[in-house]
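Take a look at the structure set out below.
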Amino acid sequence: MSKSSISEPTRGFKWIAAILVAFYSLVTIMPLLWIVATGFKSSADSIAYPPKITFQPSLEGYVNLFTTQTRQTKEFMAANPPKNWYEEIVHSKGMVIAGPSRFGERFLNSTIIGFGSTFLSVLLGTMAAYAFSRFRVPLKDDLLFFILSTRMMPPIAVAIPIFLMFRAVGLSDTHAGMILLYTAVNLSLSVWLLKGFIDEIPREYEEAALIDGYTRFQAFYKVVLPQAATGIASTAIFCLIFAWNEYAFAVLLTSGTAQTAPPFIPTIIGVAGQDWPAMAAGATIFLLPVMVFTILLRRHLLRGITFGAVRK
Amino acid sequence: MAKIQIKNLRKEFGDFTAVEASSFTIEDGEFFMLLGPSGCGKTTTLRMIAGLELPTSGEVVIDGEDVSQMPASQRDIAFVFQMFALYPHLNVRKNISYPLHSQGMSRVEIERKVADVSATLEIEDLLEKPVSGLSGGDRQRVALGRAIVRNPKCFLMDEPLGALDAEFREHMSDELLRLHNKMKATTVYVTHDQLEAMQMGDKIVVMNHGVIEQFGTPQQIYNTPKTMFVADFIGSPPMNFLNFQAKLKIGTTKIKLGNQTVDVPELYQETSGNTVFGVRPEHVRFTDNTGYRGIVTATEYLGTNQLVTLDTANGEIKARISSSQKATVGETVGLGFESQKITLFDGKSGSALRSALNNDGANNG
């Protein structure tokens, strides 16, 4: 005989909850699955109507994404048979590979700028948050409010002044410029989030370390940082997601050397018609780093979101 | 081990004065109590001795060396926190050995010291456990282990038993005392529990509102309180206060209380106006040879003795008498006092009037 209790959900309730969660997950993951699937479709399949759920997978999109191609005469094609699988894919369309595309470069730029600015935001954020949390900083509340206020307008509202400033000091289209910009935007979030986390760490831990013969910095490094790992991980994820996905500033401030992947992916449209598989392939690859990063830090993130909700 | 001298120590936080010019000396090997209600400045005083707060003015002298402006890490003291403050990311062994690593001690030496300490505290089987799963008492032992492992000049303890439940507290206080007797280490112990202070302390400083009210042995503080605050704070139930108006000269040995004459220790100081007659509950007797009367309003049975609350012409009074004595609510009884244990206080300032009882000069606050 089953007894129902207030704290323990009933079997039926659990099933309903599970079905709702499954349905919601399906709805949210659908666009993502569609993108991944499109990346493996041939050009024809990608624009077929009605849309194809099942299809012959093809790496055409990925090959197009990573290469630039030109059309050649039949004679040239016959004289230069394909040497490997990707050349074969290109040949079958009556084209030859002219060279690598810029996607690899742009992806690398995204990585440098995304992770670089995340590292800086978290590093500076942790130190500032620690200072705000532990020391008697003059005008502390005003300073914290000022830091928060930098988020009160959309950053893009100051795009034009920033564009002019960057041009004047030679930061346009440089990695350093983009890292600086994303760090500046993320820093307020990082300071506020981390201050919350560090406030929750009892001072006694550091005081114990001070008594045990460690300096203030050693106490911070050896005792506070491990305690704040959860907060640092979740802050890093938020910062990376912003810097990684940022589009508007990237379009405005970068064009060549420092261009990140988000503004680059749509330009594929212009190169060889509307190459949906190539774009979808680009989007898929672009999603991977944040996904991997988040999965690696997932344990911390889940704890981070509920941090402070339960007294330890 | 060390002698600690506190000279005119003062601490202000902005406009708020946490500790006012305090001076006292903690002798080598003493178990020294800083006692007072919360917010009285006792913890701030302890933190200044530790170097966790820097004094606004005054000196902390440990073993003849003025350390007042030195960081905590250079003072060679150990601190036991109320919430233990064990490093949560380290296991028991690492927690205990942590202070040794900062001294750059060799691995073998550390191993040996940790083994010694854990044997003393009987926590050998906990060494590899994470601290998060430990019971309150075990956490306390680990915190003590971390304190004693490096043989500091003195131990500072901030209500170390405060986080334990009542039953266990008794046990841990015995253990602490045993440890103290074994190590003979100078210990400064902060508590708001007067009973704990009386049980464990060699000397007690009673603080209130940042001011030292009295400094002395538990006996001095209990028997000859310097102020009404001390008389009220120490003892459970506290000293009885009966208010009366008087004009007393030096050498007075009898006072008028509610039209009755009562003997008191010979006064060495004159006073007039509002005066307070202070008597401990155990120094109140039921007797028929007196005209001073009270009406019993309540009785509390405590086993061997009982607490009887009475209404008198000068206010409420509690008497601790034998349980075998009869006390019925509503009954009027005669009250006698052990005259040589009476303390008179100035009603305005609250400080004790000098008399044959408290003028031994040994307990200057």
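The values are calculated or read from the model by the stated rules, or taken from the named source; none is laboratory data. Since this is a predicted model, take the numbers as computed values, not measurements. Please note: Cβ atoms are built from the backbone with ideal geometry, for glycine as well, and neighbour counts cover all protein chains shown.
Couple of notes before you dig in:
- Given (1) modelled with pLDDT under 85; (2) within 20 Å of the chain's Cα centre (by Cα), index of the condition residue A:78 fails: (2)
- Some residue of the stretch B:158-165 being over 16 Å from the mean Cα position of the chain (by Cα), at negative phi and buried (at least 17 other Cβ atoms within 10 Å of the Cβ): yes
- The helices (runs of 4 or more DSSP H) falling completely within the stretch A:255-312 that include 1 or more residues that are at negative phi and at pLDDT 85 or above map to A:261-264, A:276-296.
- Of all the criteria given as (1) in a strand (DSSP E or B); (2) touching a residue at least 60 places away in the same chain (Cβ under 8 Å); (3) aliphatic (A, V, I, L, M), the one not satisfied by residue A:124 is (1).
- Of all the criteria given as (1) closer than 26 Å to residue B:64 by Cβ; (2) in a helix (DSSP H, G or I); (3) modelled with pLDDT of 90 or more, the one not satisfied by residue B:181 is (3).
- Where strands (runs of 3 or more DSSP E) sit wholly within the stretch B:219-269, those with at least 3 residues that are buried (at least 18 other Cβ atoms within 10 Å of the Cβ) occupy B:240-248.
- Pairs are defined by a Cβ separation below 7 Å, a sequence spacing of at least 6 or placement on different chains, a first member in the stretch B:220-246 that is in contact (Cβ under 8 Å) with a residue 40 or more places away in the chain and over 13 Å from residue B:206 (Cβ atoms), and a second member that is surrounded by fewer than 18 Cβ atoms within 10 Å (Cβ to Cβ) and β-branched (Val, Ile, Thr); the pairs so defined are B:242/B:312.
- The stretch B:97-124: number of residues that are touching a residue at least 24 places away in the same chain (Cβ under 8 Å), within 30 Å of residue B:64 (Cβ to Cβ), within 11 Å of chain A (Cβ to nearest Cβ) and part of a helix (DSSP H, G or I): 3
- Residue tally, condition over 22 Å from residue B:233 (Cβ atoms) and β-branched (Val, Ile, Thr), over the stretch B:2-24: 1
- Residue that is nearest to residue B:336 (Cα to Cα) [pool: residues in the stretch B:270-306 that are in a loop (DSSP other than H, G, I, E, B) and among the small types (Gly, Ala, Ser)]: B:291
- Taken together, the criteria exclude residue B:189 from residues that are under 30 Å from residue B:277 (Cβ atoms), at pLDDT 90 or above and either aromatic (Phe, Trp, Tyr) or not assigned by TED's automatic domain parsing to the domain that holds residue B:121 (or both).
- The set of residues in the stretch B:166-188 that are surrounded by fewer than 18 Cβ atoms within 10 Å (Cβ to Cβ), closer than 15 Å to residue B:32 by Cα and small (Gly, Ala, Ser) is empty.
- Looking only at the stretch B:83-96, residues that are part of a loop (DSSP other than H, G, I, E, B) and crowded, with 18+ Cβ neighbours inside 10 Å come to 4 in all.
- Being over 25 Å from the mean Cα position of the chain (by Cα) and modelled with pLDDT of 90 or more is a property that does not hold for residue B:88.
- Odd one out for residue B:151, checked against (1) touching a residue at least 40 places away in the same chain (Cβ under 8 Å); (2) part of a loop (DSSP other than H, G, I, E, B); (3) within 28 Å of residue B:61 (Cβ to Cβ): (1)
- Residue A:189 being surrounded by fewer than 20 Cβ atoms within 10 Å (Cβ to Cβ), assigned by TED's automatic domain parsing to the domain that holds residue A:115 and at pLDDT 95 or above: no
- Of residues in the stretch A:236-254 being in a helix (DSSP H, G or I) and aromatic (Phe, Trp, Tyr), the one farthest from residue A:45 (Cα to Cα): A:238
- Here residue A:130 fulfils each of the conditions (1) surrounded by fewer than 17 Cβ atoms within 10 Å (Cβ to Cβ); (2) out of contact with any Gly (no Cβ under 7 Å at 6 or more places or on another chain) apart from (1).
- Index of the failed condition, residue B:129 passing every other in (1) within 14 Å of chain A (Cβ to nearest Cβ); (2) in contact with a helix residue (DSSP H, G or I) (Cβ under 6 Å, 6 or more places away or on another chain); (3) in contact (Cβ under 8 Å) with a residue 12 or more places away in the chain: (1)
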